[in-house]
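Input: a single structure, listed below in structure tokens.
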Amino acid sequence: MKPLAGMRIVDFTSMIAGPYCTRLLADCGAEVLKIEEPHGDHMRSRPPLREGHSTYFGHLNAGKKSVALDLKSEEGRNSAQRLVAASDVVVENFRPGVMKRLGLDYAALAVAKSDLVYCSISGFGQTGPRAEQPAYAPVIHAASGFDHTQFTYQDGQKKPAKTGIFVADVLAAVYAFGAIQTALIGRLRRGNGQFIDVALMDSMINLLVFECQEAQFPSKERRPLYVPMRARDGFVIVAPVNQRNFEQLADAVGHPDWKTDPRFATVAARTTNWDALMAAVEGWTSTRAARGCEDTLMAAGVPCSRYLTVAEAMADPQLAARGSLATVNDGAGAFLVPNPPFRFADGTVGVGTTVPALGADTESTLKEVSGRKQ
């Protein structure tokens, strides 16, 4: 059996952060009831689309059941309350206050179910002066200092970079996933429920480990940065993090003299002369193919990688060997989705194989819950 088999999750989420959290719960065996408006989650219409089916939506919602409810109606809210009463966990990512207005907040639902684990995911959290402000991942990237930090790490860039990868959403989803597991263990030991407040803002602040400390205690020297190095046919990154890596690098590129060069011989010296070291390494990489650079340095024990496209990375034999990608099916056919980034030795954890059609499980789920209540 999967580790969360027998757990039921009522999923009032949309977009990315909430759905990714609940998909991980489904990957671990929980029955996830995705509550959708009658016209469906907005992500169902987002490309890539095949015959009207979104693989973007499928990536985030594989392995769940779809229950279509109109939460603006009394009947829809009553149905939702019955589902929660027969479940273990609620996850929602509406703006703070919305669930309370619907009568579906933790305080209201915990009256009938005192051991309920309830997780709210929002931009700035449920409390504080910014709690009710609208916020998606790109806004949080800017508000948290993440974008500005990346900007200051670049040389010659005129403004912060564009945002296309929603780090805050995925990071908050993973924190929420872990917090829900912790609350379930607490319930198992003490019998009590729990309200969990996960903020995208807090998640991003937690990502900036060095930067939070450097902001309080500024360094006199710039932090060493790992930079793309030009090869004949692309770019590579080289990361000689420790003394051994550096010595292996010096030997691999034919410059054992670097090991006694006063600019590079020690960690402190390399920190001061980091740009010079990187320029020297690029003098070697720029005359070689990227794959050759990677092969030579990795064989010598020096961390190095070519810059790959996502398609190239997905085709890496390492992912195939680990079963890192799984085949999922929706109404338009099969596509690949990453399995969760953790593996259980018994092979019980993995993404579900099907994407639910809108409302496909409404009737059967509500009938089952009504029958249990009677």
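The values are calculated or read from the model by the stated rules, or taken from the named source; none is laboratory data. The model shown is predicted, which means the values in this text are computed figures rather than measured ones. Backbone-built Cβ (ideal geometry, glycine too); neighbour counts: all protein chains shown. We work out accessible area using only protein heavy atoms, side chains counted, and drop any ligands, DNA or RNA first. Shrake-Rupley method; radii C 1.70, N 1.55, O 1.52, S 1.80 Å.
Please find, in a Gaussian network model of the chain (springs between Cα atoms separated by less than 10 Å), the residue of Tyr106, Tyr226, Tyr56 whose mean-square fluctuation is greatest. Comparing Tyr106, Tyr226, Tyr56 in the GNM, the peak value goes to Tyr226. Working note: Karplus 6.51/-1.76/1.60 with θ = phi - 60° gives region 86-96 the couplings 9, 10, 10, 9, 10, 10, 9, 9, 6, 5, x Hz, where Gly and Pro are set to x. Compared with the dominant principal axis of the Cα atoms in the chain, helix 243-252 is inclined by about 60°. Rounded to the nearest 20, the Cβ-based charge dipole of the chain about its Cα centre (Lys and Arg +1, Asp and Glu -1) stands at 360 debye. For the chain, modelled as a GNM whose springs connect Cα atoms under 10 angstrom apart, the maximal fluctuation among Leu49, Leu60, Leu200 occurs at Leu49. Accessible area per residue was computed with a 1.4 Å probe on protein heavy atoms; Leu188 scores about 150 Å².
According to the square roots a ≥ b ≥ c of the eigenvalues of the Cα gyration tensor, what is the shape class of region 211-316, taking rounded for a/c under 1.5, prolate for a/b larger than b/c otherwise, and oblate for the remainder?
Values: a/c = 2.14, a/b = 1.28, b/c = 1.67.
The shape class here is oblate.
With a cut-off of 8 Å between alpha carbons and a minimum separation of six or more residues, what is the relative contact order of region 230-319 in percent?
Details: 98 pairs, mean separation 40.4, N = 90.
Across region 230-319, relative contact order equals 45 percent.
Ranking Arg189, Arg322 from most to least accessible surface, computed with a 1.4 Å probe over the protein chains only, gives Arg189, Arg322. Taking 7 Å steps out from each Cα toward its Cβ at Lys100 and Met1 produces label points 3.8 nm apart.
Rounded to the nearest 0.05, what FRET efficiency do Thr127 and Arg230 give with R0 = 45 Å and r taken as the Cβ-Cβ distance? Could you check? Can you show the working numbers first?
On the way: r = 49 Å, r/R0 = 1.08.
Efficiency for this residue pair is about 0.40.
Taken along the Cα-to-beta-carbon direction at a fixed 7 Å, the label points for Ser73 and Arg244 span 6.6 nm. Over all pairs of different C-alpha atoms, region 243-374 has a mean inverse distance whose reciprocal, the Kirkwood radius, equals 19.8 Å. In plain terms, if you count all Cα to Cα distances in region 284-350 and split them into 5 Å steps from zero, the share in each step is 3, 13, 17, 17, 16, 12, 10, 6, 4, 1, 0 percent. For the chain, a Gaussian network of Cα nodes joined below 10 Å ranks Ala326, Ala137, Ala276 by mean-square fluctuation, and the top entry is Ala276. In the chain, helical runs assigned H by DSSP with n ≥ 4 each contribute -39500 (n - 2.57); averaged across all residues and rounded to the nearest 500, the mean residue ellipticity at 222 nm is -12000 deg cm²/dmol.
The C-alpha atoms of the chain define a longest principal axis, and helix 167-190 lies at about 60 degrees to it. Computed extension length for Gln150-Thr296: 49.6 nm, one decimal, from 0.36 nm per residue of separation with the Cα-Cα distance subtracted. For the chain, find the longest principal axis of its Cα atoms and tell me its angle to the long axis of helix 362-373, 0 to 90°, nearest 10. The two axes meet at around 60 degrees. Over the chain, Cα pairs under 8 Å with separation of 6+ residues give a relative contact order of 20 percent. Take Met298: with every protein chain present and a 1.4 Å probe, its accessible area is about 110 Å². Here, region 1-144 has an Rg and a Dmax of 15.4, 45 Å when only alpha carbons are counted.
Dipole orientation for the chain: of the candidates Val302, Thr287, Pro341, Pro341 has the Cα lying most toward the positive pole (charges on Cβ; Lys, Arg +1; Asp, Glu -1).
FRET efficiency for the pair Lys367 and His42, taken as 1/(1 + (r/R0)^6) with r the Cβ-Cβ distance and R0 = 30 Å, rounds to 0.60.
When only alpha carbons of region 110-195 are considered, Rg and Dmax amount to 17.7, 59 Å.
Using a 1.4 angstrom probe with every protein chain in place, what is the largest-first accessible-area order of Glu132, Glu51, Glu36?
On the way: Glu132 130, Glu51 155, Glu36 5 Å².
Most to least solvent-accessible, the answer reads Glu51, Glu132, Glu36.
Quick check on the chain: of the DSSP beta bridges with both residues there, what percent are antiparallel, nearest 5%? Can you show the working numbers first?
Numbers: 15 of 38 bridges.
Percentage antiparallel, nearest 5: 40.
Taking only the alpha-carbon positions of region 178-231 and ignoring solvent, what does the Debye formula give for the base-10 log of I(q)/I(0) at q = 0.17, 0.25 Å⁻¹? The Cα Debye sum returns log10 ratios of -0.75, -0.99.
Computed from the C-beta positions of Ile237 and Phe344, the FRET efficiency with R₀ = 30 Å rounds to 0.45. Is the C-alpha gyration tensor of region 69-108 telling us rounded, prolate or oblate? Criteria: a/c under 1.5 is rounded; beyond that, a/b larger than b/c is prolate, otherwise oblate. Since a/c reaches 1.5 but b/c is at least a/b, the shape of region 69-108 is classed as oblate.
About its Cα centre, how strong a charge dipole does region 251-336 have in debye, to the nearest 20, once Lys and Arg get +1 and Asp and Glu get -1 at the Cβ? List each step's numbers first, then the result.
Values: 7 positive and 10 negative charges, 25 e Å.
In debye, rounded to 20, region 251-336 gives about 120.
For region 82-240, the alpha carbon positions stretch 64, 37, 32 Å along the principal axes, listed from largest to smallest. Considering the chain at the alpha-carbon level, its Rg and Dmax are found to be 24.7, 82 Å.
Can you put Lys158, Lys34 in order of accessible area, largest first, using a 1.4 Å probe?
Numbers: Lys158 190, Lys34 0 Å².
Largest to smallest exposure gives the sequence Lys158, Lys34.
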